[in-house]
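The block underneath contains the structure these notes are about, expressed in C-alpha cells.
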C-alpha cells in the first residue's frame with residue numbers, strides 16, 4: 001500500500017462581496033436601508049447581504065435586534081406620513 005502525499009489545504013479568505021459576511025459597516029448600511037424601506041429583503045439586497053444572514057445577525061445580537069426594531073419604527077413613521085399626505089391631498 002503506497003502512502004498518499006501530504007498536501008496543505010487551500011484556505012480561501014471570504015470575499016467582501018460574500019452575502020454571508022455581515023461586518024458592522026454593512027450592518028449600518030442595512031439598518032439605514034431598512035429605515036428607508038421597511039422591507040428586509042429590499043434592505044438586504046441594497047447592501048449585498050442575504051436576508052437569511054440579516055435574520056441570523058438579528059437573532060445573535062441583542063443590540064442589532066434593538067437597532068432593527070428602531071429602523072422598522074422609523075420606516076413605519078415615514079410610511080404613515082406619506083399615507084396621511086396622500087389621504088389629505090389625494
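The values are calculated or read from the model by the stated rules, or taken from the named source; none is laboratory data. What you are looking at is a predicted structure, and each value in this text was computed from that prediction instead of being measured.
Quick check: anything in the range 2-23 within 13 Å of the chain's Cα centre (by Cα), modelled with pLDDT of 90 or more and part of a helix (DSSP H, G or I)?
No: the range 2-23 contains no residue that is within 13 Å of the chain's Cα centre (by Cα), modelled with pLDDT of 90 or more and part of a helix (DSSP H, G or I).
Looking at 84, 35 in this structure, which one is part of a helix (DSSP H, G or I), modelled with pLDDT of 95 or more and on the phi < 0 side of the Ramachandran plot?
Details: 84 fails: modelled with pLDDT of 95 or more.
None of the other options fit; the residue is 35.
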